[in-house]
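In what follows, a structure is listed as structure tokens, so that the remarks can point back to it.
Here, each number is a calculation from the coordinates, and none is a lab measurement. All values reported here derive from a predicted model rather than from experimental measurement. Please note: Cβ atoms are built from the backbone with ideal geometry, for glycine as well, and neighbour counts cover all protein chains shown.
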Amino acid sequence: MVLPATPKSWYLPTKPHKFCPGCGHGIVLKALGEAIDELGIQDKTVFGCDIGCSLLSWNFFACDSIQTHHGRTTPVMVGIKRARPELITIGYMGDGGGYSIGSQHLLNAAVRNEKITVILVNNTNYGMTGGQMAPTTLPGQKTETTPYGRDPEITGYPTKGPEFVAALTSDGAYVARGTVSKYKQLKRFIKNALQNQIEGNGFSFVEALSTCPTNWRTNAQQTWSFLEDEMEKYFPVGEFKSPLGKGEK
Amino acid sequence: MEKVLMKGNEALAEGAIRAGCRAYFGYPITPSSEIAEYMARKYPKIGGVFLQAESELAAINMVYGAASTGARVMTASSGPGISLKQEGISFIAEAELPCVIVNISRGGPGLGGIQPAQSDYFQATRGGGHGDYHTMVLAPASVQDMMDFAMEGFELADKYRIPVMIMAEGTLGQMMEPIILRDPVTPGYEKPWATTGCKGRKPNVITTLHLPPEELEQRNRYLKSKYDLIKAREKRAETFMTEDAKLVLVAFGLMSRVAKRAVMEVRKRGIKAGLIRPITLWPFPDEHIVEAAENGAKLFLSLEINMGQMVEDIKLALNGRSRVEFYGRIGIIPNPEEIVGVVMQIAEREGL
């Protein structure tokens, strides 16, 4: 049997990984792993993961790693970077951690243009806790806590993360939204976000649109269609801000 | 040796710098803010990192991050801010990251007031956040202690890989006293566990997740064994005239200074009183209490600036061996005369 090539920076004893079949996390983490390999930063990277499904990545890489929770990954990475500026710090979190319970941290790290990289996975729900509403749940989308569909009159409209991060950051920040349906582009964005930290330009943020068939209760076709037809329509993919040359739309 | 006049909060901050602490993350709150302000003034000149965080939550998590790299790091706050930090302290305790957390305490609950209090005793000595854990807690009683305990705090934190809390009443942070400046130390602890990039070694992982029940229990047993070791080695207290005392006052922090004056006064009046001043609030110096009881102390009087918290630890230490009473104020530190009055009343009643 021929196994697919795995990034050198992956920690193989924990593979195959523990994400659900059809989950997009594995794709995002593969893109991140390849980006780490290509930039040659494995031995100076500290990878921090949040709570929720993103926590399942805590022993994913053969890099120094630290577990945190509830969006605190951002200030933890800030603490590491401020104490040891020579390290490359990558915070990995979900939409709940970044946009809801830890939003103060994302917002203020963006304002301070902290020289860290944050990768946030948007799958429109709280996966680990069983599929409740997330800040990114689409209007009308059914979740365990919006059983009749999300009503923006009651819970507002979905958070558009890269848009607000782009608005808050100053020069030097890198902000993009990719999707697991466009792997090469997503990997390019993640690599840019790391390159931007290596160059010490400013805050680097990538939101990755991702899939959650388990909680969406969708088959393969429906899963992909929700990602490409619903999510990508609501959450435009592209670079919002880049000091690395012309932004990509 | 030459003495300098310093404010408690500044002496503590200077002590941290002399201990090699080069990272400080905090959020302003009265009466602790001078610690942050001192670091903000000093660090740019000596290559330290000062960052005013967006919140107490952010500050403690920045401490978590910086401590994970092996750096000596500190944060300070007061009552309500310390409550906000508890989530992070639980993680730091479980991840076994050394750091110093300062509570320049005020009275609660809620916003309470900014007057001196020891109301956070339970919070400080029982872990404070979720899960089975302890932080070490040091209680200074003078501005000199503020400097010395800051330095000692970092040593203990590194030695046991534990967050160390320094808890001082707001008054102690605000008042000035002449102190001897201690010589700076070079931190001498190897930290092979730190997340500093895995060049030339296996990757380090800092984890607080233990899903398999056996692993979780094993982890908690391990932490308990560490806490037992600290209990065996690090209980500290100052005793004053306890050898022949029939009545022993127990007081920590500033209150211990008032109590000491009261003991000297009632001794003049023929009352055999003594004082035990816990220096470590956790581990609580229960053996000092028991020893005083064995020496003939009939009654212990817990003096606190709260409504009665440490009194429970004294009772636990004595386990019924001697009687324990309590006298407390809050927001107001009683003067020695007030304590003398309380002691004389008890002495008369008990025929001491």
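So how strong a dipole does the protein assembly as shown carry about its Cα centre when Lys and Arg Cβ are +1 and Asp and Glu Cβ are -1, to the nearest 20 debye?
Roughly 840 debye for the protein assembly as shown.
Could you let me know the centre-to-centre spacing of the range B:115-174 and the range A:115-145, using Cα atoms, in angstrom?
Distance between centres, Cα-based: 39 Å.
Dipole of the protein assembly as shown (Lys/Arg Cβ +1, Asp/Glu Cβ -1, origin at the Cα centre): which of B:Gly128, B:Val266, B:Met344 lies farthest to the positive side?
Of B:Gly128, B:Val266, B:Met344, it is B:Gly128.
Modelling each spin label as a point 7 Å along the Cα-to-Cβ direction, I'd like the A:Thr145/B:Arg126 distance in nm, to one decimal.
Calculated label separation equals 2.8 nm.
Expressed as an acute angle from 0 to 90° and rounded to the nearest 10, what is the orientation of the C-alpha long axis of helix B:254-268 relative to the principal long axis of chain B?
20
Which value in nm describes the separation of the simple spin-label points at B:Met241 and A:Arg217, placed 7 Å from the Cα toward the beta carbon?
7.7
In the calculated pair distance distribution of chain B, what percentage of Cα-Cα distances lie above 25 Å?
Summing the P(r) of chain B above 25 Å gives 53 percent of all pairs.
Of the beta bridges DSSP finds with both residues in the protein assembly as shown, what % are antiparallel, to the nearest 5?
DSSP beta bridges in the protein assembly as shown are roughly 25 percent antiparallel.
For chain A, just list the percent of Cα-Cα distances falling in each 10 Å bin from zero outward, please.
8, 35, 38, 17, 2, 0
Let me see the P(r) profile for the protein assembly as shown: every Cα-Cα distance counted, bins of 10 Å, each bin given as a percent of all pairs.
All Cα pairs considered, the percentages come to 3, 16, 24, 21, 16, 10, 6, 3, 0, 0.
Strictly over 22 Å apart at the Cα level, which of A:Lys30/A:Lys241; A:Lys8/A:Lys184; A:Lys142/A:Lys241; A:Lys8/A:Lys187; A:Lys115/A:Lys241 would you flag in this model?
Distance filter (> 22 Å) returns A:Lys30/A:Lys241; A:Lys142/A:Lys241.
Suppose we keep just the DSSP beta bridges with both residues in chain B; what percent of those would be antiparallel, to 5?
Close to 30 percent.
List B:Glu312, A:Glu86, A:Glu239 from most exposed to least, where exposure is judged by having the fewest other Cβ atoms within 10 Å.
With the sparsest Cβ surroundings first, the list reads A:Glu86, B:Glu312, A:Glu239.
Cα centroid distance between the range B:181-210 and the range B:38-56, in Å?
Distance between centres, Cα-based: 21 Å.
If the chain between B:Glu217 and B:Glu312 were fully stretched, how many nm would it gain, using 0.36 nm times the residue separation less the Cα-Cα distance?
Taking B:Glu217 through B:Glu312 to full extension adds about 31.4 nm, to one decimal.
What's the whole-number percent of alpha carbon pairs in the range B:44-132 lying beyond 20 angstrom?
Beyond 20 Å sits 36 percent of the P(r) for the range B:44-132.
Could you name the aspartates and glutamates in cross-link range of B:Lys260, using Cα to Cα under 16 Å and dropping any fewer than eight places away on the same chain?
Once the sequence-local aspartates and glutamates are set aside, what remains near B:Lys260 is B:Glu238, B:Glu243, B:Asp244, B:Glu304, B:Glu337, B:Glu338.
Compute the helix-to-body angle for B:143-160: its Cα long axis versus the longest principal axis of chain B, expressed 0 to 90° and rounded to tens.
50
Using DSSP to call loops (not H, G, I, E or B), can you name the trypsin sites (Lys or Arg not before Pro) in the range B:308-350 whose Cβ has at most 10 other Cβ atoms within 10 angstrom?
Hits after loop and neighbour filter: nothing returned.
What's the tally of Lys pairs in the range B:139-232 whose alpha-carbon atoms lie under 21 angstrom apart, where the two lysines are 8 or more places apart or on different chains?
7
Mind sorting A:His25, A:His17, A:His69, A:His105 by how few other Cβ atoms lie within 10 Å of their own Cβ, fewest first?
A:His17, A:His69, A:His25, A:His105
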